[in-house]
Each structure stands twice: as C-alpha cells, then as structure tokens.
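Novice: For reference, the structure I am asking about is given below.
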Amino acid sequence: VSLSGNQGSVFLKERPKPFVSCLMDLPLEKNFQTTGEAPTRSLKTDEVLEILEGPRQDVRDAVSRARVKTLKDSLTGWVTLSSGGQVQAQAGQQRFWECMTGVAITDGPNIKVCKVLRKLEVGEVVRLLEGPEIDKDTGVTRLKALCIQDNLEGWVTTLGNAGTVYAEEKTDIYSVVCEALPLQKAFIDLSTGTLRMLQKDEAFEVLEGPKEFQPEPAERMKGRAVADGQVGWVTVTNKRVKRWYPSYICKQSCVMQDTLNTVSAGPSNTVRRVEEGELLEVLDGPQEDKAASLLRIKAKARKDQAVGWITLKGNQGTVFLTQWSRKDEEQLKQKQRSLQEGLGKDA
C-alpha cells in the first residue's frame, strides 16, 4: 500500500496504537466464538487492552437456557445447557440421592463395625460411587457416596429394614459435561454477570426451564492485556469498554511512590503527594499490585516531571485517578484561551 503519491497526495496517516479500558470485569476468552470454556482470565475494571483485531460480529446459534441451583454452594443463576448442537450440561450422566431423613454417613459398608463420619441433613444431596446393595445381615440398603458440599466419601443407608426411606434417588440433577460453564445472573445476557464458573462434572438442579433463546449478534475484539501480555477475545459494547488514552487527572489527593508494590512500601518510597486536578502521563501500566489487588500506573506529573507509581482506585472504591482524553485537553485549552482573552479585555 502506498503511503503517499508522487504528487504529494497522502493516502495513509500514522496513528497511535488503539487501546480500550474495561468499564467492568470482563472474561478474556481464548476463542473468537463463545464456547463455554473457562476464560484465559478475568480482566478487572480499569484494565487496559491493546486492540489487535476487530471489532467484528459474532453471529451466535440459538441456545437452551435454564435457571439452576448449584448443589455445591446453593448459588442460583442461569446456565446454557446446549448451544448450536453442542451439549454443555445434561441429566443422567451421574446418579444422585437426596437425604429425606437425617442419617449418618460412615467410613465403611458394615453398619455393625463402621465409624460415623457425620450426619447428613434433610435435603442434602450425595453422588453415587458404589451400590446400592442390600446388607445380608441387617437387610438395610446401603450405598457409597460423595457428599457434594464437602467432598466427604462414605457409606449411607437409603432404606431401612423396616421400610424407612432415608434417601431417594433424584433423576432431575444435571452435570456439566464441558470443561467449564458460566453461571450467570440473567437469562438474556450471555457475556456478563458471571457469578462463577461451574467445573466439569459439577452438579446442579434445574429450577426453571429449559427455555430456547436466540442471542443477538455480538461485537468481539481481540486484544492484549497491558498488565501481563495475555491475549484473548472480549465482547465489546459502550457499556463494557471505552477508548483509552495514556493520560489521567487526579480526582483525589494520593501518594506517588517509587515502587509498584504498596504492601512493602514505606515512607522512604514516597516521591510526593499528587494533588487534585494534576495531570499525569502514563509511562507504564496499568499494572496490578497483586499483593494488594490494586491497579496502578507509572506516570510522569505534568507539573514538575515527577515520576512514580499511583493507584487508580482504592480497595474501598475511592477513585484517585480518572481518564483524561484529548477532548478534555482541548476543552481545557479553550478555557485557558477564553480566560486569557477576558484578562486582555480587562487590561
């Protein structure tokens, strides 16, 4: 491609690398299409991505969704059971029993010599490992099971020799069959509001659905995280990301330090205080101070060229620095020109 013609016509102009800043926590995913795999990692609010490709549209297949409750920690949310012919969770993969009456779980099958590990509560669900089998000496039905809540293994009586039902098989329990499956807050939104990732073989109970749903096409962008160089895809909207510029303005007085790590920093690491309204140029970052779970930038103060690390937002939500764009810069210059013109007239 020609940059310019021999008559002086300019065809292409050099532009700075495009970056975006995350407006919320976002999954950085390995593939262009959302597959239900665990993300490469989660991007934090205010993290910055260098745009490598896109945005381009991802036309998604119809999905089957259900509102569920996890057996492990009783979280409720929405999951995708199948998408584009690919099954991500289904019933019948494993067998489960629900405790109907308080009953002991023991370390062995023989109830005469076994040791009680703990008591199962009514409504607690266990996954079958062996059995069920009838004890010839006592006539009770026993099975070996795994407790979903705490991964305790042991033997449980499901049916007493007098007909008392201690546990019944549940046939409506689903298990995750893909590597990981996001549990999400809303039925419609497939790319935000993830409560946590359900791991392969994790079990849940369906509370509502399944329901068919045709997702809207999504705009996907490939990017490289500035913090650690990880590359992946994110779904982009104006509520999820915004254009990023390497300039910030101080919104609340804070400390500039000569180290990224705030936990080990002492008074000798303080460069100076940064006051409200100061403008700063980014030299590095945002980077994560992992020990403190804080995003920080290495910046140069416009006022005196002082250089150091500054926190963007505190752990309690206090915002110290916000983006300062070219538009903000032009508005500031316009105000300064107007002020100077006003002073000239007064003179």
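The values are calculated or read from the model by the stated rules, or taken from the named source; none is laboratory data. On a predicted model such as this, the values are computed, not experimentally measured, just so you know. Quick reminder, even Gly has a Cβ in these numbers, built from the backbone with ideal geometry, and neighbours come from all protein chains shown. Heavy atoms of the whole protein, side chains included, go into the accessibility calculation; ligands, DNA and RNA do not. Shrake-Rupley method; radii C 1.70, N 1.55, O 1.52, S 1.80 Å.
Novice: In debye, nearest 20: dipole of the range 153-219 around its Cα centre with unit charges on the Cβ of K, R (+) and D, E (-)?
Specialist: 140 debye
Novice: Oh, and also: How high is the FRET efficiency from residue 69 to residue 326, r the C-beta distance, R0 41 Å, rounded to 0.05?
Specialist: Efficiency at R0 = 41 Å is approximately 0.25.
Novice: Report the accessible area of residue 113, computed with a 1.4 Å probe over the heavy atoms of all protein chains in place, in Å² rounded to the nearest 10.
Specialist: Ignoring ligands and nucleic acids, residue 113 comes out at about 120 Å².
Novice: Looking at the chain as a GNM with Cα springs under 10 Å, which of 61, 137, 25 has the largest mean-square fluctuation?
Specialist: Result for the chain, Cα springs under 10 Å: 137 fluctuates most.
Novice: Determine the per residue accessible area of the range 179-274 with all protein chains present and a 1.4 angstrom probe, expressed in square angstrom. Provide the component values of the computation, followed by the final result.
Specialist: On the way: 4900 Å² over 96 residues.
Each residue of the range 179-274 exposes 51 Å² on average to a 1.4 Å probe.
Novice: Just checking my list [x] 25.0; [y] 21.4; [z] 20.3 against Kirkwood radius over Cα pairs in Å computed from this structure; which label fits?
Specialist: Computed from the coordinates, Kirkwood radius over Cα pairs in Å corresponds to [x].
Novice: Another question about this same structure. Sum up the charges of everything whose Cβ sits under 9 Å from the Cβ of residue 77, counting Lys and Arg as +1 and Asp and Glu as -1, but leave residue 77 out.
Specialist: +4
Novice: R0 = 30 Å: FRET efficiency of residue 341 with residue 281, Cβ-based, nearest 0.05? All intermediate terms of the calculation are to be shown ahead of the outcome.
Specialist: On the way: r = 28 Å, r/R0 = 0.93.
Efficiency, rounded to the nearest 0.05: 0.60.
Novice: Are there chymotrypsin sites (Phe, Trp or Tyr not before Pro) in the range 104-203 that DSSP puts in a loop and that have at most 10 other Cβ atoms within 10 Å, and which ones?
Specialist: none
Novice: Just subtract the alpha-carbon distance of residue 152 and residue 199 from 0.36 nm times their residue separation and send over the number in nm, one decimal.
Specialist: Roughly 15.1 nm would be gained on extension.
Novice: A further question on this structure: What list of ³J(HN,Hα) couplings, whole Hz, do you get for the range 129-143 from phi and the Karplus terms 6.51, -1.76, 1.60, once you set θ to phi - 60° and write x for glycine and proline?
Specialist: 10, 8, x, x, 9, 8, 6, 5, 6, 9, x, 8, 9, 10, 8
Novice: Could I ask something else about it? Where does the longest stretch of the chain lie that holds no GluC sites (Glu not before Pro) found in a DSSP loop with 14 or fewer other Cβ atoms within 10 Å?
Specialist: 15-120
Novice: Enter the Cα centre distance for the pair the range 290-321 and the range 49-110, rounded to the nearest angstrom.
Specialist: Result: 39 Å between the Cα centres.
Novice: Among 300-307, 69-76, what's the highest-first ranking by average C-beta atoms within 10 angstrom per residue?
Specialist: Going from most to least packed, we get 69-76, 300-307.
Novice: Continuing with this model, one more query. Please identify the trypsin sites (Lys or Arg not before Pro) of the range 204-254 that satisfy two criteria: DSSP loop assignment and at most 10 other Cβ atoms within 10 Å. Which are they?
Specialist: 239
Novice: Here's a follow-up. Can you figure out the FRET efficiency of residue 187 with residue 56, using R₀ = 25 Å and their beta-carbon distance, to the nearest 0.05?
Specialist: Taking R0 as 25 Å, the efficiency between residue 187 and residue 56 is 0.45.
Novice: Is any residue of the range 190-225 close enough, with backbone N under 18 Å, to a label point placed 7 angstrom from the Cα of residue 86 along the Cα-Cβ axis, and if so, which?
Specialist: Residues 190-192, 197-202, 213-222 qualify, since their backbone N sits under 18 Å from the label point.
Novice: I've got another one for you. With the other protein chains left in place, how much accessible area per residue, in square angstrom, belongs to the range 95-137 at a 1.4 angstrom probe?
Specialist: Here the residues of the range 95-137 average 62 Å² of exposed surface.
Novice: Name the residues of the range 206-247 whose amide N is less than 20 Å from a point 7 angstrom out from the Cα of residue 262 along the C-beta direction?
Specialist: Under 20 Å, as judged by backbone N against the label point of residue 262, lie 226-228, 247 of the range 206-247.
Novice: Using a probe of 1.4 angstrom, how much of the accessible area of the chain is carbon and sulfur, in percent?
Specialist: Carbon-and-sulfur percentage of accessible area, whole number: 47.
Novice: Would you mind computing, in nm to one decimal, how far apart the modelled labels at residue 272 and residue 136 are, each placed 7 Å from Cα along Cα→Cβ?
Specialist: Here the answer is 8.9 nm between the modelled labels.
Novice: Would you pull out the residues with amide H under 5 Å of residue 75's amide H, same chain only if 5 or more places away, H placed 1.01 Å from N?
Specialist: When sequence neighbours closer than 5 places are left aside, the close amide H contacts are 70.
Novice: Now for a separate question. 222 nm [θ] for the chain, helices only, -39500 (n - 2.57) per DSSP H run of 4+, per residue, to 500?
Specialist: -2000 deg cm²/dmol
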